[in-house]
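Okay, so here's the structure we're looking at.
The values are calculated or read from the model by the stated rules, or taken from the named source; none is laboratory data. Predicted model, so just to flag it, every value in this text is computed and none were measured. We place every Cβ from the backbone using ideal geometry, glycine too, and count neighbours over all the protein chains shown.
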Amino acid sequence: MSLHLEKLSFTYQLGTPFERTALSGLNLFINDGEFVGITGESGSGKSTLLEILSGLLFPFSGKLRLDTEIINSGRRKSLERLRQKVGLVFQFPEEQIFEKQVYDEIAFGPRNLGLSHSEVDERVREAMASMGLGFENYRLRRCHILSSGEKRRLAIAAILAMKPQVLLLDEPAVGLDYEGRQALLQCLSYLNREKRISIIMVSHHYQQLLASCPRIILLDKGQLILDAASSSWLEYLDFLMQKGWKLTASQELVYRLMQKGWEFSSSPRSPEETARAVVDFIRRSRPGRG
Ligand code: ADP
Ligand code: MG
């Protein structure tokens, strides 16, 4: 299932003194099975974009297509189809956990769909397994005593039980400790790789996205200013610096070497190969000392 935005713009509180354009002229095609990261500074429009993609926010100008079907507020059926296929995980989703036990929290959505007991059970088991919550170990646990990372994975499992084909996540790793973050990101990779669920993940922490997402999109003041493979992200350091982005120490090193004439190859390299290439370059540029 693909999602396609064409010249999409969205303005909050249109026609009032508080009018605020959150997205303007966005063109974006997200293919079936992709794992895409969206980044940008606070206020750049990331959450608005997720809410539009999930069918929560409208009307907007421009077009949103689900495969070839155009979605708009005048076509209730198309909007319903979009909402069935796309699951949105809000920021801090654990704040919306309201059942006492893990099993009931995940079963809530499927039960509301009127599914049979065995279908509900199957969905709960599958969602728990995907989010690394062992069924026997967790099903009867009280939600409020889980760790923050476990609560977050539980909240995502509850959305997975609705069987979305696309999962949208707003800052899913924010506020978690290192282990919690790693466990969550591993589950997302598993969902994408093994369950073929498309994932669109927002994070203001683009280094985290570089590690997880093959494709990264950068928003700036409501506009899409970069859409690049994460393996070629280093080629855009110059551009990012101009945009005032803060680089990590290793990115800054690469940036400075590139300014001195180092050619960064876009072919994927291991950290060891990159280190060797850097040392070679320094030797070559200091003749007589190598
Ligand atoms: P991000 O998630 O990147 O921080 P948002 O999508 O939340 O950005 O916001 C984009 C812009 O829209 C910001 O300028 C924000 O102030 C504005 N905005 C967001 N929600 C509302 C709202 N409900 N009413 C008015 N303006 C809003
Ligand atoms: Mg946001």
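Candidates are the residues of the range 25-45 that are surrounded by fewer than 17 Cβ atoms within 10 Å (Cβ to Cβ) and within 16 Å of ligand 2 (Cβ to nearest atom); the one that is modelled with the highest pLDDT is GLY43.
Contact map, the range 131-153: residues that are more than 20 Å from LYS163 (Cα to Cα) paired with residues that are among the hydroxyl-bearing types (Ser, Thr, Tyr), Cβ distance under 7 Å, separation 6+ or inter-chain. Pairs shown: LEU140/TYR103. When the range 13-42 is filtered for residues that are farther than 14 Å from ASP220 by Cα and over 19 Å from the mean Cα position of the chain (by Cα), the ones remaining, listed by number, are GLN13, LEU14, GLY15, THR16, PRO17, PHE18, GLU19, ARG20.
For (1) within 15 Å of ligand 1 (Cβ to nearest atom); (2) within 29 Å of ALA229 (Cβ to Cβ); (3) in a helix (DSSP H, G or I), each residue gets a yes or a no:
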residue	(1), (2), (3)
ALA22	yes, yes, no
ILE70	no, yes, no
LEU88	yes, yes, no
PHE98	no, no, no
ASP104	no, no, yes
PHE108	no, no, yes
SER118	no, no, yes
ASP121	no, no, yes
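Exactly one condition in (1) touching a residue at least 40 places away in the same chain (Cβ under 8 Å); (2) of a type in the set (Asp, Glu); (3) closer than 30 Å to LYS246 by Cβ is not met by ASP67; state its number. Here ASP67 clears every test but (3).
Of the residues screened, GLY62 is not one that is buried (at least 18 other Cβ atoms within 10 Å of the Cβ) and either modelled with pLDDT under 95 or touching a strand residue (DSSP E or B) at 6+ places or on another chain (Cβ under 8 Å) (or both).
Among residues of the range 19-31 that are under 27 Å from ILE197 (Cβ atoms) and small (Gly, Ala, Ser), those with a Cβ under 9 angstrom from a residue that is at pLDDT 95 or above and not in a loop (DSSP other than H, G, I, E, B), sequence gap 6+ or separate chain, pair up as ALA22/SER9; ALA22/PHE10; ALA22/THR11; ALA22/TYR12; ALA22/SER47; ALA22/THR48; ALA22/LEU49.
The set of residues from the range 46-102 being among the aliphatic types (A, V, I, L, M), in contact with a Phe, Trp or Tyr (Cβ under 9 Å, 6 or more places away or on another chain) and away from ligand 2 (no atom under 16 Å from the Cβ) comprises LEU64, ILE71, LEU79, VAL102. Kindly check whether there is at least one residue in the range 4-19 that is within 16 Å of ligand 2 (Cβ to nearest atom) and at pLDDT 95 or above. Yes: the range 4-19 contains one or more residues that are within 16 Å of ligand 2 (Cβ to nearest atom) and at pLDDT 95 or above.
Yes/no matrix, rows are residues, columns are (1) farther than 30 Å from LEU133 by Cα; (2) over 17 Å from the mean Cα position of the chain (by Cα):
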{"site": "LEU188", "(1), (2)": "no, no"}
{"site": "ASP220", "(1), (2)": "yes, no"}
{"site": "GLN223", "(1), (2)": "yes, yes"}
{"site": "LEU240", "(1), (2)": "yes, yes"}
{"site": "TRP245", "(1), (2)": "yes, yes"}
{"site": "GLU263", "(1), (2)": "yes, yes"}
